[in-house]
Amino acid sequence: MLAMRCGFTQYQNGAMAILFAAVLWGTTGVAASFAPDISPLGIGAFAMGVGGMMQAALAHRKLKANLANLLQQKALLLLSALALAIYPLAFYSSMRMAGVAVGTVVSIASAPLFAALLECLFSKALHLTKRWLISVLIGLFGIALLAYREPQASALATDVAVNLQQQAAQQRQLWGIALGLLAGLTYAFYSWAARSMIDSGVHSQAAMGSIFGLGAMLLLPSLFFTGDNLFSSPANALVSLYMAVIPMTLGYFAFGYGLRHVKASSASLLTLMEPVVAAILAVLIIGEVISPMGWFGMLLIMLCLIAQATEKPPGVPVAIERSATT
């Protein structure tokens with residue numbers, strides 16, 4: 001591997017793989033904009049469901065080889081599959097109710113905190129370094145700046161009907177934020193569960209394939225209610241297939257490799273790259289406008305990512321690091 005020849009550690013290889021996955025995930029918002037008549041629930045269920053089945057199919061040999069180990073952790077496997085099934089429904093509903101920017105920010109920014117909490121509660125040893133703590137503060141502040149929008153004053157603000165509409169919109173946004181937090185929690189949970197399985201000796205492909213395969217079995221039946229227009233036009237079909245094959249299959253394949261070398265809390269923090277990519281693509285392709293404050297927020301997020309991607313966990317023996325690749 002080129003990264004190894006350049007002298008990168010296994011942690012840094014894993015971090016780069018997770019950043020690559022986050023870049024792919026960042027393209028989903030712009031891709032979905034080319035198929036506006038597809039329900040966000042439908043495109044989320046299709047992309048994660050079909051992507052999950054492809055993950056399981058690609059990992060079928062590893063699944064057979066690791067079946068006994070997986071059965072020993074069936075409770076964790078079932079819970080993580082349920083979390084994976086809930087995640088896209090909560091995430092895309094959050095974007096619909098709170099807006100794309102707020103829904104994405106809440107979902108992604110809350111995941112590192114939930115992942116750290118899960119590691120504190122269930123992992124035998126958790127070392128949150130000063131670098132991690134500083135990185136998460138910088139990243140969260142940056143992503144808040146990226147999502148911030150100047151309030152627009154209205155000359156009709158005193159009108160009763162307008163006030164009622166504003167209250168309804170605020171309540172809808174609060175529900176969207178709550179769903180974003182649920183998305184962050186479920187994302188953190190299945191990431192932590194996958195890392196726990198890998199730590200117990202399950203191959204990364206088997207861990208991700210089993211979680212995604214079972215999650216897909218829960219998600220795909222929902223397409224009977226939400227899957228209208230997925231293939232009603234060539235554009236819709238291309239968007240649906242792209243979402244399932246590239247961000248979900250290839251992206252999560254890279255993410256699974258990254259989890260072999262990066263703890264779940266740091267992996268979740270690295271995925272803050274996703275809203276940065278989404279924002280830049282929205283500007284270049286859709287024509288959205290980002291304020292100077294938002295661009296400064298992206299700079300802070302990049303500093304956070306650099307700090308995480310270049311970190312080498314202290315006290316990790318080389319022998320253990322090498323054995324993770326076998």
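The values are calculated or read from the model by the stated rules, or taken from the named source; none is laboratory data. Remember, it's a predicted structure, so these values are computed and weren't measured experimentally. Because the Cβ atoms are built from the backbone with ideal geometry, glycine has one as well, and the counts that use them run over all protein chains shown.
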Next on the checklist: Here's a check for you: in region 1-32, which residue that is at pLDDT below 80 and in a helix (DSSP H, G or I) is nearest to Ser233 (Cα to Cα)?
Outcome noted: Gly29
Checklist entry - Do you know which residues across region 53-82 are among the small types (Gly, Ala, Ser) and buried (at least 20 other Cβ atoms within 10 Å of the Cβ)? => result Ala56, Ala59, Ser80, Ala81
Item to check | helices (runs of 4 or more DSSP H) completely within region 195-264 that count 1 or more residues being of a type in the set (A, V, I, L, M) and within 21 Å of the chain's Cα centre (by Cα) | outcome: 204-219, 234-243, 251-259
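For Val50, are the conditions met, namely being assigned to a helix (DSSP H, G or I), buried (at least 24 other Cβ atoms within 10 Å of the Cβ) and not polar (S, T, N, Q)?
Working: assigned to a helix (DSSP H, G or I): yes; buried (at least 24 other Cβ atoms within 10 Å of the Cβ): no; not polar (S, T, N, Q): yes.
No; evaluated as a whole, the condition is false for this residue.
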Next on the checklist: I need the full set of residues from region 277-312 which are at pLDDT below 80, surrounded by fewer than 23 Cβ atoms within 10 Å (Cβ to Cβ) and of a type in the set (Val, Ile, Thr), in order please.
Outcome noted: Val283, Ile286, Val289, Ile290, Ile306, Thr310
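Let's see how each residue does on (1) under 20 Å from Ala45 (Cβ atoms); (2) surrounded by 20 or more Cβ atoms within 10 Å (Cβ to Cβ); (3) in contact with a helix residue (DSSP H, G or I) (Cβ under 9 Å, 6 or more places away or on another chain):
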| position | (1), (2), (3) |
| --- | --- |
| Leu185 | yes, yes, yes |
| Phe189 | yes, yes, yes |
| Arg195 | no, yes, yes |
| Val202 | no, yes, yes |
| Ala206 | no, yes, yes |
| Ile211 | yes, yes, yes |
| Gly215 | yes, yes, yes |
| Leu223 | yes, no, yes |
Checklist entry - Only one of (1) within 18 Å of Tyr190 (Cβ to Cβ); (2) surrounded by fewer than 24 Cβ atoms within 10 Å (Cβ to Cβ); (3) not small (Gly, Ala, Ser) is not met by Ile18, so which one is it? => result (2)
Next on the checklist: What's the total number of residues in region 59-98 that are in contact with a Gly (Cβ under 7 Å, 6 or more places away or on another chain) and among the aliphatic types (A, V, I, L, M)?
Outcome noted: 9
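If I filter region 111-118 for residues that are farther than 25 Å from Gly213 by Cβ, buried (at least 19 other Cβ atoms within 10 Å of the Cβ) and either in contact with a Gly (Cβ under 6 Å, 6 or more places away or on another chain) or not aromatic (Phe, Trp, Tyr) (or both), do I get at least one hit? Walk me through how you get there before you give the answer.
Going through region 111-118, the residues farther than 25 Å from Gly213 by Cβ turn out to be 112-113, 116-117.
The next check asks that each one be buried (at least 19 other Cβ atoms within 10 Å of the Cβ); those that pass are 112, 116.
Next, from what is left, pick out any that are either in contact with a Gly (Cβ under 6 Å, 6 or more places away or on another chain) or not aromatic (Phe, Trp, Tyr) (or both): 112, 116.
Yes, region 111-118 contains a residue that is farther than 25 Å from Gly213 by Cβ, buried (at least 19 other Cβ atoms within 10 Å of the Cβ) and either in contact with a Gly (Cβ under 6 Å, 6 or more places away or on another chain) or not aromatic (Phe, Trp, Tyr) (or both).
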Checklist entry - When only residues in region 80-99 that are over 9 Å from Pro40 (Cβ atoms) and polar (S, T, N, Q) count, which is modelled with the highest pLDDT? => result Ser80
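Taking only region 290-302 into account, find how many residues are over 18 Å from Gly26 (Cβ atoms) and touching a helix residue (DSSP H, G or I) at 6+ places or on another chain (Cβ under 7 Å). Can you show your working first?
Our first condition is that a residue be over 18 Å from Gly26 (Cβ atoms); within region 290-302, this holds for 291-293, 296.
Subsequent filtering for residues that are touching a helix residue (DSSP H, G or I) at 6+ places or on another chain (Cβ under 7 Å) retains 293, 296.
Number satisfying all stated conditions: 2.
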Next on the checklist: Among the residues that make up region 137-146, is at least one of them in a loop (DSSP other than H, G, I, E, B) and either out of contact with any Lys or Arg (no Cβ under 7 Å at 6 or more places or on another chain) or at pLDDT below 75 (or both)?
Outcome noted: no
